[in-house]
1. Restricting attention to the range A:279-299, which residues are hydrophobic (A, V, I, L, M, F, W, C) and facing chain B (nearest Cβ under 9 Å)?
2. Do any helices (runs of 4 or more DSSP H) entirely within the range A:1-90 hold 3 or more residues that are touching a helix residue (DSSP H, G or I) at 6+ places or on another chain (Cβ under 9 Å), within 12 Å of chain B (Cβ to nearest Cβ) and of a type in the set (S, T, N, Q), and if so, which?
3. With (1) over 28 Å from residue B:256 (Cβ atoms); (2) within 14 Å of chain B (Cβ to nearest Cβ); (3) surrounded by fewer than 16 Cβ atoms within 10 Å (Cβ to Cβ) as the list, and residue A:146 as the residue in question, which single condition is left unmet?
4. Quick one: which residue in B:255, B:208 is within 28 Å of residue B:149 (Cβ to Cβ), touching a residue at least 60 places away in the same chain (Cβ under 8 Å) and over 16 Å from the mean Cα position of the chain (by Cα)?
5. Taking the condition over 25 Å from residue B:152 (Cα atoms), touching a residue at least 12 places away in the same chain (Cβ under 8 Å) and over 21 Å from the mean Cα position of the chain (by Cα), does residue B:286 pass?
6. Mind checking whether some residue in the range A:127-143 is hydroxyl-bearing (Ser, Thr, Tyr), within 14 Å of chain B (Cβ to nearest Cβ) and either part of a loop (DSSP other than H, G, I, E, B) or buried (at least 21 other Cβ atoms within 10 Å of the Cβ) (or both)?
7. Is there a residue in the range A:254-266 that is assigned to a helix (DSSP H, G or I) and within 14 Å of chain B (Cβ to nearest Cβ)?
8. Restricted to the range B:13-35, and to residues that are among the small types (Gly, Ala, Ser) and more than 24 Å from residue B:215 (Cβ to Cβ), which residue is nearest to the other protein chains (Cβ to nearest Cβ)?
Amino acid sequence: MPRQHGAGFKMFRFLLGRLAVLIPTFVGVSIIAFSFIRLLPGDPVALLSGERVMSPERHAEISHALGFDRPIVVQYLDYLWGVLHGDFGTSIVTKKPVIDQFFDLFPATVELSLCAILFAVILGIPAGVIAAIKRGSAVDQAMMGTALVGFSMPIFWWGLLLIMLVSGMLQWTPVSGRISLMYFFPPVTGFMLVDSLLSGQAGAFKSAVSHLILPTIVLGTIPLAVIARQTRSAMLEVLSEDYVRTARAKGLSTFRVVGVHALRNAMIPVVTTIGLQVGVMLAGAILTETIFSWPGIGKWMVDSVSRRDYAVIQGGLLVIAAVIMLVNLIVDLLYGLINPRIRH
Amino acid sequence: MSQAAATSTVSTDPSRRARLAEFWYYFSENRGAVIGLVFFLFLVLLAVFAPWIAPHDPVAQYRDAVLVPPVWQEGGRAGFLLGTDAVGRDMLSRLIYGTRFSLFVGVIVTTLSLVGGIALGVIAGYFRGWVDTVIMRVMDIILAFPSLLLALVLVAVLGPGLVNAMIAIALVFQPHFVRLTRAAVMSEKTRDYVVAAKVAGAGHGRLMFKTILPNCMAPLIVQATLSFSSAILDAAALGFLGMGAQPPTPEWGTMLAEAREFISSHWWVVTLPGIAILITVLAINLMGDGLRDALDPKLKRS
């Protein structure tokens, strides 16, 4: 007979199981970030210090300071030790610690990603539900056709197109940045929407919102399409189940059947899909932020690649992977809470 | 012996034909999928016969015809149906040649990630144990990065260019095939027909690739169409970021990168390459939806 455990214990064991997978993955990710700089053609000492012409003495000095004169295993453990203490290296260009830059820019990406996922959920779930209820109708076909176009969209072009139409021809929204240059206030939370409200400056919030609209649409397009399609197929599956038929037979209104009985169960796979969009968002942020000059980590990485700031690429790669792993862990835990079946 | 061979040809051939007919029945029921297929075949023809179809050399610069608008607009010229770009190259010819690069990227990336993914996935799912653990942990590591970021950094290591972009994208796509294959192999492995083949004395290699693998292909084919279109999108994105195909290659993403500064003045140089990417990816995704309906019995009729 298996012993009965409380829900808390099961949750704890679930967490331990996830950590047992996450820790080796993090070590692997750190090995990739560590080897990256050593795989590049050229002298890693020169690449990391950013000094192209050095005397042999200077080279030996930097090499020693960076630890390149020690065995490779010691170098790696040293690197990992530094990472665990928050030392992700120093930018060659700005001479600032990578982790500080990351935390300066990360809120901008989070703000944009949250708005985009909100945009995708608010439009995508109702669209999927309506398409499922009106399955096979012209509305369904139009919505799913649009969703497939959204899913196939090259978002960097979509961004350019929207800039051309909405900012260029209609002049409704600004082209780039997070807020108009005429407003200046110190960052409190790092989220422009909140900070502009806190600043109390007239028009600042409106300016922040108008800067956010197009990037939100561009970054939210693919998640919107994915969520709409996923909601539709999850709803169709649930609507054909016995308990929904029973609820219908009892004479409950369509609204009640769909809203109360079906939607709740259909949401389980949809929540997973939303969780999986985190990585997609960060990949999309690389393109969206580049197009709209949005000062987040996506643009930071692209700029670092073109500036050959290898220290930032190395550090950024590791921090971003760590953040994604952390978010995925949280999503997994939340998922375990709403769907008790997977904890067994 | 010869009799056995004869019966097997008699018995399997009609069933294979019947299966193909059944597949086509479900596939052709999906009107979008058929439209996608027709358009895709059209693109293949364009790519193959590009040198004969394209009116101009895609890299020839006509200095007297810089930024000519498409023919239906004021100032358009009959010689340049879709206009010219900033250095006087014919847009239509560049777009036609661009199909070659996009389809090539799709084919190579899908083949690389499919073959590598199947091999690793079958091994992991068949042997389990530490081999499985090692393979799956490595795949988890690749999946821990946003795909485009990892591809971008890989290209930064390997050097910008279309070939390196394809290698990077194939590497990033591989884990999805490994996971799918492994899951399918694990569910097939304990079936009666596999046990029967094992008892009959089939070796590991035969069991893995001849007995089990053919029964795992349906989800892999669907994933392959999906990665075909994603590969085209990602290669174009890398080209747009300056890390894929390099100018003057008429690759659609690279063309968009070159056209960025004309966004407010000359719409056609920005709009046309994007439409080409969109409809190509859309056609392949339409086909993918049809394939999924036809191959996945669980989703059939839903």
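The values are calculated or read from the model by the stated rules, or taken from the named source; none is laboratory data. The structure presented is a predicted model; accordingly, all values stated were derived computationally and were not measured. Counting neighbours? That spans all protein chains shown, and the Cβs are built from the backbone with ideal geometry, glycine included. The accessibility values were calculated without ligands, DNA or RNA, using every heavy atom of the protein model including side chains. Shrake-Rupley method; radii C 1.70, N 1.55, O 1.52, S 1.80 Å.
1. Hits for the range A:279-299 are A:280, A:281, A:282, A:283, A:285, A:286, A:287, A:291.
2. A:7-39
3. In the conditions (1) over 28 Å from residue B:256 (Cβ atoms); (2) within 14 Å of chain B (Cβ to nearest Cβ); (3) surrounded by fewer than 16 Cβ atoms within 10 Å (Cβ to Cβ), residue A:146 misses (1) alone.
4. Of B:255, B:208, the one residue that is within 28 Å of residue B:149 (Cβ to Cβ), touching a residue at least 60 places away in the same chain (Cβ under 8 Å) and over 16 Å from the mean Cα position of the chain (by Cα) is B:255.
5. no
6. no
7. Yes: the range A:254-266 contains one or more residues that are assigned to a helix (DSSP H, G or I) and within 14 Å of chain B (Cβ to nearest Cβ).
8. B:32
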